[in-house]
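Participant: My structure is below; once you've seen it, I'll send some questions.
Coordinate-derived values only; no laboratory data. As the structure is a computational prediction, the values presented were derived from the model and not from experiment. A quick note on method: Cβ atoms are made from the backbone with ideal geometry, for glycine too, and the neighbour counts reach across all protein chains shown.
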Amino acid sequence: MFNKKKQDKEKNENKDQENKEQQQNEEKPKHEPISPDKNQFLLDVKQKLHSPSDFIVRFVSDNMTLVYVDNLVDNKMLNEIILTQLHEVEEIPEAIHLKLSIPEVDVVNELNKFIGDMLQGAAIVHVNGYDQVVVAKISAYQSRGLSAPENESQVIGSQVGFNENLSTNISLIRRYITNPNLCNEKFVLGKQTKTSLSVLYIHGIAIEEYINTVKQRITDLEIEDLIDSSVLAELIDDNSRSIFPQMLLTERPDRFCDGLLSGKIGIIVNGSSMGILCPYSFIEFFQSREDQNLRWPIASFIRLLRFFAILISIFLTPIYVASLTFHYEVIPQPLLVPLSESRAIVPFPPIIEALILELIIELLREAGAKLPTKVGQTIGIVGGIVIGTAAVEAGITSNILIIIVALGALSSFTTPNYMMGNVIRIIRFPIILLAGFWGYYGVMIAVCILFIHLLRLTTLGAPYMAPFYPPRFKQWPNSIIRFPITFIQRQAVNSRNKKNDSEQSGKKVSK
Amino acid sequence: MKIKNFIIVLICIIILTGCAESRILERISITTLLGYDLEEENKVTTTVTVRQVSPDDKSSVETQTNTEDTSFGTRIKVDLQTAKKVMAGQLRVILVGNELAKSGIEQPLQRNMMNSEISNSIYFAIADGTAKEIIEGEYEHITDIGQHVYNLIHHNVESQHSVSPTLHEIVRNDYSPFRDNAIPIIKKNDQVISIKGLALFQKSKMVGELSSTDTFYVIMLRDKFESGALELTLPGNTLSSTQDKDNKLEVGINSIRSNRSLKLVDASTIEFDINVEIKCRLVELHSNENTGEPEVTKKLEKAIAAEIEKELARVIKITQEKNSDIFGFGDVYHASVRHSGLTEEKWYEMYPNAKMNPKVKVEILRNGIFE
């Protein structure tokens with residue numbers, strides 16, 4: 001595993017050098033001068049943009065031309081500030097640069113650069129006779145207002161979620177963490193989309209090694225487009241072929257900030273309402289931000305309930321299948337008669353029965369998620385009741401299995417993270433198959449394979465199963481149960497910064 | 001390479017599936033009660049209750065009987081008579097007929113211990129008469145005779161009214177040379193099935209019986225009491241000398257917690273000291289004396305202790321007469337005397353002549369809920 005990492009790194013370094021050479025080669029022909037002539041300038045720009053219909057040209061005076069892309073600029077600023085001030089100014093780019101009273105103004109002498117800015121919402125002023133243009137950044141993004149997070153709702157705690165705008169999201173985070181150490185590094189990914197993204201961390205709390213790993217993985221990416229942060233998470237995590245997510249996707253700013261403050265690294269992608277947090281260990285996927293907001297015995301109870309639900313969700317149906325197919329000895333005597341009576345009219349072996357029912361419930365879930373909200377609920381109820389009762393009466397399944405399958409499905413939704421909830425629901429199927437083939441031996445084989453896989457997984461090179469393996473006892477008070485906050489280490493399992501250890505222990509909350 | 005390994009594993013999974021013998025619950029017949037009886041010419045009669053599940057939502061219990069040379073032979077015959085394969089994994093109780101018990105329980109014990117399907121925690125009991133009688137009997141109020149017998153033994157063992165007869169304990173006692181079995185006897189009384197008492201064993205042959213009231217003293221000597229109950233008849237003049245001695249004084253005690261220790265005091269004459277400490281609660285006393293007074297309590301304690309001592313001596317005497325060491329005195333002897341060279345035969349010669357001194361200490365902690 002580790003050797004492979006090294007090889008990867010070496011490869012990456014080689015790639016880096018190659019990339020740099022390539023980039024240098026590419027950049028040279030890119031440098032195109034701006035024509036001083038007004039008409040030639042317009043022709044150049046139109047040719048670059050393939051004469052789009054929303055490209056707008058305004059002649060301010062005989063010498064001055066203003067160009068921009070419609071709907072990307074703030075019309076109010078354009079009319080009230082730029083147009084009025086352009087009439088009063090001397091017709092030299094430097095003078096315009098000084099005169100315009102807007103936050104971001106630049107003078108650029110390269111064609112490709114200002115076109116890039118223009119596509120992000122800048123108005124360009126060209127003065128006849130000069131090979132420089134003034135770039136006034138007055139972009140206005142159309143974005144959704146802030147709303148409550150739909151997928152990660154919680155009862156107690158803030159009710160605001162990220163939206164699709166990078167700068168809004170970062171401002172949300174800056175509101176939570178007013179700290180000069182909050183670092184924000186910008187990257188641009190995707191040859192076609194030029195999606196901008198920010199890597200956020202708190203200097204001094206986050207570990208340098210992880211920061212470098214994340215940055216290196218992002219810069220090494222050569223992708224055509226990037227539409228959503230979940231794609232990025234899959235591209236840069238340690239084992240993309242694993243079923244388990246190794247980075248958290250969250251739409252809650254408070255969870256995101258909590259992660260940053262506990263030493264994790266966050267990534268926000270423009271156009272995506274989900275932030276990425278890493279490194280994230282297995283156990284942390286089952287912890288909710290709300291746990292910190294509740295009193296500790298209640299939070300502990302809910303957490304225990306959640307872990308119990310995982311066990312139920314994964315193992316209850318396989319145990320039913322295995323017991324009824326191979327191990328009738330272990331069924332308690334009081335259950336024996338009801339079980340065998342309800343099974344008596346079912347024509348299939350338990351494995352087929354269980355698979356049919358699990359598939360039905362997955363169909364209901366998928367249909368419920370895809371249908372419009374109002375219809376979805378109806379389908380859920382109708383499907384659940386009608387299909388459930390009819391299936392028992394038709395003798396396709398036993399009514400005890402219906403309870404078990406419904407319980408398993410219900411339990412899988414208690415996982416606070418949707419990505420992890422999906423995993424919990426899916427890994428049940430191979431275990432059911434193994435249980436139907438080999439009984440409890442099959443279930444045990446499945447458990448072994450699952451544990452081997454989980455123990456081998458890493459998240460940014462840190463162990464995925466921490467704090468249990470390797471054992472880190474100091475982190476145990478905040479794992480399966482939540483101790484009172486004074487007992488809990490602020491730093492996350494895999495973000496122990498040695499430099500800060502002594503400081504950090506003194507930083508515990510004290511009364 | 002990885003894909004190759006994966007395909008090999010996948011093929012193994014599919015092929016090896018055939019090796020697993022599936023026993024789907026409703027496609028097998030489940031036996032819950034098994035009875036062995038001795039027939040003439042050394043043949044064994046096996047009686048089983050088989051639970052049949054039929055598609056019309058009802059399950060019925062039927063019994064099957066067969067006679068063969070070995071119990072395994074009977075099993076094959078039973079299979080020939082049932083529609084579904086008979087499996088013994090849910091077996092709860094094994095009943096052995098009186099006659100078979102007298103000629104030795106080794107065979108049924110071995111047969112069931114060697115069967116990996118059968119759990120070691122099932123109960124083993126002796127039938128008064130034949131097991132067939134009990135299993136095949138017609139009962140008005142009992143739908144599942146197997147479950148009924150199991151529950152009967154189970155709750156009596158839980159409340160320490162009967163010696164625990166799990167297969168594991170029976171086999172342990174059977175194979176241990178200086179300790180004999182005491183197994184509950186189940187009796188059918190017209191419509192009622194009850195625990196009649198204890199069967200005393202010498203090696204693996206049944207040699208005698210104890211009544212159900214004596215079971216209390218057997219448990220007291222073999223084990224600890226967690227919460228026993230006992231009714232005693234004391235002499236009439238225990239509390240007040242004016243009363244006649246022949247008048248009986250009935251006393252009921254419960255919440256008995258007892259602890260016993262066996263000690264070999266003299267190896268040559270084989271003398272054992274049996275110390276029993278009892279803590280109990282007085283719940284019933286047919287007398288007008290004020291039990292709140294310490295003197296009265298003292299008197300009662302002494303009288304109860306004397307009564308229990310007497311009973312213990314009597315029970316031990318019976319086992320000595322039958323030469324059945326159900327308390328494991330042999331084990332104590334073997335453990336206490338170095339290089340004794342004790343063998344099973346020697347011990348059976350020694351045991352009837354051993355001297356036992358039961359000493360009982362009673363302490364009444366509370367005297368009932370009402371004063």
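Participant: Checking a compactness column here: for chain B, what do you get for Rg(Cα) / (2.2 N^0.38 Å), N being the number of residues? Could you put the intermediate results ahead of the total?
Facilitator: Working: Rg = 25.7 Å, N = 371, 2.2 N^0.38 = 20.8 Å.
Normalised Rg, Cα atoms only: 1.23.
Participant: Take the Cβ-Cβ distance between A:L359 and A:L335 as r, set R0 to 22 Å, and report the resulting FRET efficiency rounded to the nearest 0.05. Could the numbers behind the result be given before it?
Facilitator: Details: r = 26 Å, r/R0 = 1.16.
Computed FRET efficiency for A:L359 and A:L335: 0.30.
Participant: Once you have the Cα-Cα distance between B:S103 and B:E293, take 0.36 nm times their residue separation minus that, and quote the gain in nm to one decimal. Numbers along the way, then the final one.
Facilitator: On the way: separation 190, 0.36 × 190 = 68.40 nm, distance 5.57 nm.
62.8 nm is the gain from fully extending B:S103 to B:E293.
Participant: Set Lys and Arg Cβ to +1 and Asp and Glu Cβ to -1, take the dipole of chain A about its Cα centre, and tell me which of A:F473, A:I310, A:H50 lies farthest positive.
Facilitator: A:F473
Participant: Here's another thing I want to ask about it. Could you give the DSSP H helices of chain A that reach 27 angstrom or more along their long axis (alpha carbon positions) and whose average Kyte-Doolittle hydropathy is no lower than -0.5?
Facilitator: Flagged H segments are A:296-325, A:350-370.
Participant: Here's something else I'd like to know. May I ask for log10 I(q)/I(0) of segment A:38-137 at q = 0.13, 0.21, 0.24 Å⁻¹, from a Debye sum over the Cα atoms as equal point scatterers with solvent left out?
Facilitator: Here log10 of I(q) over I(0) equals -0.38, -1.09, -1.50.
Participant: Could you tell me the distance between the Cα centroids of segment B:101-130 and segment A:342-373, to the nearest Å?
Facilitator: When both Cα centres are located, 45 Å separates them.
Participant: Next question, about the same structure. When ranked by the protection proxy of mean other Cβ atoms within 10 Å per residue, highest first, what sequence do the peptides A:282-293, A:301-312, B:249-260 form?
Facilitator: Put in order of decreasing packing, that is A:282-293, B:249-260, A:301-312.
Participant: Separation of segment A:256-312 and segment A:53-130 by C-alpha centroid, Å?
Facilitator: 46 Å
Participant: Viscosity 1.306 mPa s, temperature 10 °C: what is the translational diffusion coefficient of segment A:90-187 from Stokes-Einstein with a Kirkwood Rh over Cα pairs, rounded to a whole number of µm²/s?
Facilitator: For these conditions, the coefficient is 95 µm²/s.
Participant: What does the highest-first list of B:348-355, A:349-356 look like by mean Cβ count within 10 Å?
Facilitator: A:349-356, B:348-355
Participant: In percent, how large is the relative contact order of segment A:295-463, given Cα pairs closer than 8 Å and 6 or more residues apart?
Facilitator: In percent, rounded to a whole number, it is 38.
Participant: Expressed as a rounded percentage, what relative contact order does chain A have, with Cα pairs under 8 Å and six or more residues apart?
Facilitator: The normalised contact order for chain A reaches 13 percent.
Participant: Further question: I'd like the mean, over residues of A:429-438, of how many other protein chain beta carbons sit within 10 Å of each residue's own Cβ.
Facilitator: Partner-chain Cβ atoms within 10 Å, mean over residues of A:429-438: 2.
Participant: Using a basic spin-label model with each label point 7 Å from the Cα along Cα→Cβ, how many nm lie between A:V89 and B:L16?
Facilitator: For A:V89 paired with B:L16, the spin-label model returns 7.7 nm.
Participant: According to the Cα gyration tensor, what semi-axes, each the square root of 5 times an eigenvalue, does the equivalent ellipsoid of the protein assembly as shown have, listed from largest to smallest in whole Å?
Facilitator: 85, 33, 26
Participant: State log₁₀ I(q)/I(0) for chain A at q = 0.08, 0.09, 0.12, 0.13 Å⁻¹ as given by the Debye formula over alpha-carbon point scatterers of equal weight, solvent excluded.
Facilitator: -0.69, -0.82, -1.17, -1.27
Participant: Same structure again: Where the only charges are on Cβ atoms (+1 Lys, Arg; -1 Asp, Glu), what is the dipole of segment A:336-411 about its Cα centre, to the nearest 20 debye?
Facilitator: It works out to roughly 240 debye.
Participant: What do you get for Rg/Rh of segment A:166-280 when both radii come from the Cα atoms and Rh is the Kirkwood radius?
Facilitator: My calculation puts Rg/Rh at 0.93.
Participant: Quick one: if the Förster radius is 25 Å, what FRET efficiency do B:E62 and B:N151 give, using the C-beta to C-beta distance and rounding to 0.05?
Facilitator: For B:E62 and B:N151, the calculated efficiency is 0.80.
Participant: May I ask which residue of B:I7, A:N422, A:I207 lies farthest towards the positive end of the charge dipole of the protein assembly as shown, with charges of +1 (Lys, Arg) and -1 (Asp, Glu) on Cβ and the Cα centre as origin?
Facilitator: A:I207
Participant: I'd like the mean, over residues of B:143-150, of how many other protein chain beta carbons sit within 10 Å of each residue's own Cβ.
Facilitator: Counting other chains' Cβ atoms within 10 Å and averaging over B:143-150 gives 1.
Participant: Using helices alone, I'd like the mean residue ellipticity at 222 nm for the protein assembly as shown: each DSSP H run of four-plus residues gives -39500 (n - 2.57), total over residue count, nearest 500.
Facilitator: When only DSSP H runs of four or more count, the value is -12500 deg cm²/dmol.
Participant: Which whole-number percentage describes the relative contact order of segment B:24-212, with Cα contacts under 8 Å and a sequence gap of 6 or more?
Facilitator: It comes to 20 percent, rounded to a whole number.
Participant: Which of rounded, prolate or oblate describes segment B:216-371 when judged by the alpha-carbon gyration tensor and an a/c cut-off of 1.5?
Facilitator: Because a/c hits 1.5 or more and a/b exceeds b/c, segment B:216-371 counts as prolate.
Participant: For segment B:85-172, with the dipole built from +1 on Lys and Arg beta-carbon atoms and -1 on Asp and Glu ones, taken about the Cα centre, which of B:V86, B:L100, B:H168 lies farthest toward the positive end?
Facilitator: B:H168
Participant: For peptide A:331-338, what's the mean number of Cβ atoms from other chains within 10 Å of each residue's Cβ?
Facilitator: Details: counts 4, 1, 9, 1, 0, 8, 7, 1.
So the per-residue partner count for this stretch is 4.
Participant: Anything over 19 Å Cα to Cα? Flag those among B:K102/B:K322; B:K187/B:K248; A:K48/A:K186; B:K85/B:K188, in the order listed.
Facilitator: Pairs exceeding 19 Å: B:K187/B:K248; A:K48/A:K186; B:K85/B:K188.
Participant: Once you treat every alpha carbon in segment B:39-106 as an equal point and sum by Debye, what is log10 I(q)/I(0) at q = 0.18, 0.19, 0.23 Å⁻¹?
Facilitator: -0.75, -0.82, -1.10
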